[in-house]
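In what follows, a structure is listed as structure tokens, so that the remarks can point back to it.
All of the numbers you see were taken from the coordinates with simple rules; none came from a lab. No experiment lies behind these values; they were computed from the predicted model shown. Ideal geometry is used to build each Cβ from the backbone, glycine not excepted, and the neighbour counts take in all protein chains shown.
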Amino acid sequence: MPRRVVKNRRTLIRSMSNPEVARHLLDIIECAIASVDPYKSVRNRIKRSSNLLSFNHYNLRLDKFNEILVIGFGKASGKMAEAIEKIFRGFPLRGVISVPAGSASSLKLKRIETVEAEHPLPGEGSLTAGEKILQLAKDVDRRTFVIALISGGGSSLAVAPRPPLTLEDLIKTNKILLRCGADIKEINTIRKHISLIKGGNLASQLYPSTVLNILVSDVPGDRLDTIASGPLVPDETTFHDALHILRKYRLHTKLPANVVKLVESGVIGNIPETPKEGDKVFKKVKNVIVASNRIAVEASYQEAKKLGYKPLIISTVVEGEAREVAKMIVSIGKEVLNSNRPVRKPAILLFGGETTVSVKGKGKGGRNQEMALQAAISLRDVSNMMFLAIGTDGIDGVTDVAGGMVDTVTYRKMVSFGIDPIEYFLDNNSYEALRKVNSTIYTGPTGTNVNDIYILAVY
């Protein structure tokens with residue numbers, strides 16, 4: 001059994017109407033998170049024997065390089081860096097990584113510098129990290145081997161504004177994008193075109209070195225150009241796409257004027273596009289995904305099977321508005337409950353992905369808590385179902401919890417506590433609604449990030 005990551009496990013189990021099922025759901029999610037531990041994932045996929053490095057059936061001779069540099073940014077990059085130092089024990093290497101504020105002290109790094117930075121909105125630490133990474137990139141040549149450690153959260157943990165933009169421009173832009181209802185691909189399209197790092201621009205900075213890009217994927221479908229806004233892979237999006245997104249969400253008057261002006265300048269060709277497929281800067285870049293949502297969901301499947309359930313993976317590429325996704329998941333559960341299809345009871349339905357929330361209220365919450373509150377509302381008129389939604393990084397929105405866990409009596413419990421679940425939902429106040437009935441999941445930062453996992457038990 002993996003280490004316990006849910007810190008309020010006992011409270012959650014006691015708050016559910018069926019403690020045994022609650023215990024099983026928490027066992028399943030803890031197995032999922034353990035399966036994508038960044039340290040173990042890197043050690044399992046990247047192997048070194050003397051001067052030979054092996055990964056993805058590819059061998060690379062290390063003795064042809066004069067120097068090994070390590071750069072990285074993301075929620076999982078710290079543990080990934082620990083694995084790299086272990087793999088390259090006895091080898092000279094140096095570098096810098098950016099990690100979430102408060103996490104550096106837990107890392108055991110001796111040769112790689114750490115910078116603590118801000119998330120989900122960039123800050124001064126993020127700017128410092130970006131500057132240090134770009135400064136390091138100036139040292140590379142053809143005989144430099146660069147190991148990049150990229151994971152979810154990297155978009156805010158290392159930033160380098162495209163001139164003449166400022167850090168304040170990036171902060172305001174990110175804040176608006178995260179609240180306008182845009183999906184992660186749309187958000188990243190904007191981010192890529194206002195950055196010197198994102199959208200393949202880091203590959204340009206590191207050319208002509210050889211780069212091993214090691215990734216922990218937090219993106220549905222593991223699109224390389226979306227993980228941390230694709231700093232080392234070709235960008236399929238354009239300034240025209242960015243302008244379309246500004247129009248779609250009516251952002252022209254909301255975003256900083258410098259950002260809008262930069263996008264419009266790019267559209268008419270006054271600013272170079274991000275590097276595309278076939279560009280020489282990607283010729284010596286190798287990409288390896290060592291952990292992903294798919295791996296975590298498959299681990300959930302195996303654990304559910306061991307516990308005696310009939311598990312079924314429905315999708316690991318779930319996207320859409322959080323409330324609508326939650327309704328859809330509950331509707332599948334009702335089909336299982338009433339007709340034993342697409343799987344027979346007792347069943348565990350498994351989903352992975354990342355939803356969005358169009359924030360209209362003034363409350364506090366996150367996409368997983370929003371899903372849990374909607375599920376509680378949708379489950380109020382049925383029995384024998386329990387739902388869990390969690391961010392594998394341990395952070396949901398701007399709260400201190402990872403997600404929420406509800407069942408068919410949660411709604412009534414809220415009402416008995418004087419909470420109107422629908423009113424709280426309309427105010428986007430899922431955190432308070434769930435917290436008051438002990439339905440929030442608290443893990444603290446997990447050190448990994450492979451998107452979200454949604455589990456529905458039907459029994």
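Find the relative contact order for segment 1-70 and round it to a whole percent, using C-alpha pairs within less than 8 Å whose residues are 6+ positions apart.
19 percent
Once you have the Cα-Cα distance between residue 4 and residue 426, take 0.36 nm times their residue separation minus that, and quote the gain in nm to one decimal.
Details: separation 422, 0.36 × 422 = 151.92 nm, distance 3.36 nm.
Contour length minus Cα-Cα distance gives 148.6 nm.
Can you pull out the chymotrypsin sites (Phe, Trp or Tyr not before Pro) in segment 389-453 whose DSSP state is coil and whose Cβ has at most 15 other Cβ atoms within 10 Å? Numbers along the way, then the final one.
On the way: sites: 411, 417, 424, 425, 431, 442; in loops: 417, 442.
Hits after loop and neighbour filter: 417.
Going by the alpha-carbon gyration tensor, a ≥ b ≥ c the square roots of its eigenvalues, is segment 1-47 rounded (a/c under 1.5) or, if a/c is not under 1.5, prolate (a/b greater than b/c) versus oblate? Write down the numbers at each step before the final one.
Numbers: a/c = 5.09, a/b = 3.19, b/c = 1.60.
It comes out prolate by the Cα gyration axes.
Which value, in Å³ per residue, describes the convex hull spanned by the Cα atoms of segment 165-316?
Details: hull volume 20.3 nm³, N = 152.
Cα-based convex hull of segment 165-316, divided per residue, equals 134 Å³.
What whole number of Å gives the distance from the Cα centroid of segment 409-459 to the Cα centroid of segment 99-116?
The distance from the Cα centre of segment 99-116 to that of segment 409-459 comes to 32 Å.
Once the Cβ-Cβ distance between residue 175 and residue 113 is put in as r, and R0 is 25 Å, what FRET efficiency do you end up with, to the nearest 0.05? Don't skip to the end; give the middle numbers.
Values: r = 29 Å, r/R0 = 1.14.
Between residue 175 and residue 113 the formula returns 0.30.
Could you work out the local net charge near residue 106, counting Lys and Arg as +1, Asp and Glu as -1, over the other residues with Cβ closer than 11 Å to its Cβ?
Working: positive: 79, 108; negative: 82.
Result for the neighbourhood of residue 106: +1.
What order, most packed first, do the peptides 367-374, 294-301, 181-188 have when packing is the mean number of other Cβ atoms within 10 Å of each residue?
Numbers: 367-374: 30.6, 294-301: 22.2, 181-188: 19.8.
Per-residue Cβ counts within 10 Å, averaged per peptide and sorted highest first, yield 367-374, 294-301, 181-188.
In terms of modelled amide H atoms, which long-range or inter-chain residues lie less than 5 Å from the amide H of residue 318?
HN-HN under 5 Å from residue 318: 352, 353, 354.
Equivalent ellipsoid semi-axes for segment 342-402, as square roots of 5 times the alpha carbon gyration tensor eigenvalues: give them largest first, rounded to whole Å.
On the way: eigenvalues 115, 44, 19 Å².
Output for segment 342-402: semi-axes of 24, 15, 10 Å.
Helix 239-248 versus the longest principal axis of the chain: what is the Cα-based angle in degrees, 0 to 90, to the nearest 10?
30 degrees
Which of the trypsin sites (Lys or Arg not before Pro) found in segment 6-98 are in a DSSP loop and have at most 15 neighbouring Cβ atoms, other than their own, within 10 Å? Present the calculation step by step, with values, prior to reporting the outcome.
Working: sites: 7, 9, 10, 14, 23, 40, 43, 45, 47, 48, 61, 64, 75, 79, 86, 89, 94; in loops: 7, 75, 89.
Listed in order of number, the matching sites are 7, 89.
For segment 30-136, rounded, prolate or oblate, judged on the Cα gyration tensor with a ≥ b ≥ c (square roots of eigenvalues), a/c < 1.5 rounded, else prolate if a/b > b/c? Before the final figure, lay out each step's value.
Working: a/c = 2.22, a/b = 1.32, b/c = 1.68.
Verdict is oblate for segment 30-136.
Rounded to the nearest 10 degrees, what's the angle between the helix 293-306 long axis and the longest principal axis of the chain, both from Cα atoms, 0 to 90?
40 degrees
Is segment 312-459 rounded, prolate or oblate when judged by the Cα gyration tensor, a ≥ b ≥ c being the square roots of its eigenvalues, rounded requiring a/c under 1.5 and prolate requiring a/b larger than b/c? The partial results should precede the final answer.
Details: a/c = 1.71, a/b = 1.18, b/c = 1.45.
Oblate.
When only C-alpha pairs under 8 Å and at least 6 residues apart count, what is the relative contact order of the chain, in percent?
17 percent
So what is the relative contact order of segment 366-446, in percent, for Cα pairs below 8 Å that sit 6 or more residues apart?
On the way: 154 pairs, mean separation 30.1, N = 81.
Answer for segment 366-446 is 37 percent.
Residues of segment 415-446 with the amide nitrogen closer than 16 Å to a label point 7 Å from the Cα of residue 400, along Cα-to-Cβ, please.
431-446
Per residue, how big is the convex hull of segment 135-210 when only Cα atoms are used? Give it in Å³. Numbers along the way, then the final one.
On the way: hull volume 7.1 nm³, N = 76.
It is 94 Å³ per residue.
Kindly give the semi-axes, whole Å and largest first, of the ellipsoid equivalent to segment 253-322, taking each as the square root of 5 times a Cα gyration tensor eigenvalue.
43, 22, 9
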